[in-house]
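Notes follow once the structure below has been shown.
The values are calculated or read from the model by the stated rules, or taken from the named source; none is laboratory data. Owing to the predicted nature of the structure, the values given are computational and were not obtained by experimental measurement. Counting neighbours? That spans all protein chains shown, and the Cβs are built from the backbone with ideal geometry, glycine included.
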């Protein structure tokens, strides 16, 4: 029997074989390729990561999103990572984990990690925060590689389902949520990013004031992608596209998203940020 990797509940050989075994389920899960696993990582090591997590928002380099589509915090790069977090995140960008993802997803093009953690890294949503349903940016703004796969590792021990914070996957016509994943400790969720991979945490978080929804996010890229994954107007988009849920979000929200999505395509980023800030007042 092969020895377990220090971060995993698997050996490296078993990890890659497990990815191969789960590939069919990943590809066929609705509404687009996705899957999640519980107790995938060494729980003791994850607890060491939790112990060193900063409260985001306390450093001027932290990112604070505050607009009608998202109220959340994120780290920038790896400057806020503690030593355990940095070691773990580097492993998730390493050859063995990439091979596991390659086997699991069935993506034929070679997966490339993002050492800049653009849009990824540490995420924190505090009480009342949310992230409306969206599809992710399709192209890395620095490398211009195609974004293909998201991995989310949840770090919320003793999480009560009544607090919400579910990760939701939606039909492409925004008619209904197909899959809801509670962000409990040592749960890893992943999905393929395309023009129709609508997802989010759309309802305000209802946890106690001393708790928050924490996760680690990693995104993976390829040099090019199948043409049928994006429409012509989506190719190369470096901004997130939001959409209102049918029967749940207001008509005003729908109009706002239409405006912002058009602005993302045609206006400089500074102008788009101004539009978002104005709407939030």
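Inside segment 50-65, residues that are more than 24 Å from residue 157 (Cα to Cα) and over 18 Å from the mean Cα position of the chain (by Cα) make up a count of 3. Restricting attention to segment 118-134 and to residues that are in a loop (DSSP other than H, G, I, E, B) and on the phi > 0 side of the Ramachandran plot, the residue that is surrounded by the fewest Cβ atoms within 10 Å (Cβ to Cβ) turns out to be 128.
How many residues are over 26 Å from residue 42 (Cβ atoms) and either in contact with a helix residue (DSSP H, G or I) (Cβ under 6 Å, 6 or more places away or on another chain) or buried (at least 21 other Cβ atoms within 10 Å of the Cβ) (or both) if we restrict to segment 179-191? The qualifying residues number 0.
Examine segment 135-150 for a residue that is under 14 Å from the mean Cα position of the chain (by Cα) and more than 16 Å from residue 195 (Cα to Cα), and state whether such a residue exists. Checking segment 135-150: not a single residue is under 14 Å from the mean Cα position of the chain (by Cα) and more than 16 Å from residue 195 (Cα to Cα).
If you check 31, 68 for being touching a residue at least 12 places away in the same chain (Cβ under 8 Å), surrounded by 14 or more Cβ atoms within 10 Å (Cβ to Cβ) and over 22 Å from residue 187 (Cβ atoms), only one passes: 68.
Table: residues versus (1) more than 27 Å from residue 126 (Cβ to Cβ); (2) surrounded by fewer than 18 Cβ atoms within 10 Å (Cβ to Cβ).
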{"residue": "16", "(1), (2)": "yes, no"}
{"residue": "47", "(1), (2)": "no, yes"}
{"residue": "55", "(1), (2)": "no, yes"}
{"residue": "74", "(1), (2)": "no, no"}
{"residue": "79", "(1), (2)": "no, yes"}
{"residue": "83", "(1), (2)": "no, yes"}
{"residue": "87", "(1), (2)": "no, yes"}
{"residue": "103", "(1), (2)": "yes, no"}
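Taken over segment 135-150, the residue count meeting the criterion of being surrounded by 20 or more Cβ atoms within 10 Å (Cβ to Cβ) and part of a strand (DSSP E or B) is 6.
To keep it simple, each residue is scored yes or no on (1) crowded, with 21+ Cβ neighbours inside 10 Å; (2) at pLDDT 95 or above; (3) within 20 Å of the chain's Cα centre (by Cα).
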| position | (1), (2), (3) |
| --- | --- |
| 165 | yes, yes, yes |
| 177 | no, yes, yes |
| 210 | no, yes, no |
| 251 | no, no, no |
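Considering the conditions (1) touching a helix residue (DSSP H, G or I) at 6+ places or on another chain (Cβ under 9 Å); (2) crowded, with 19+ Cβ neighbours inside 10 Å, residue 225 is excluded by exactly one of them, (1).
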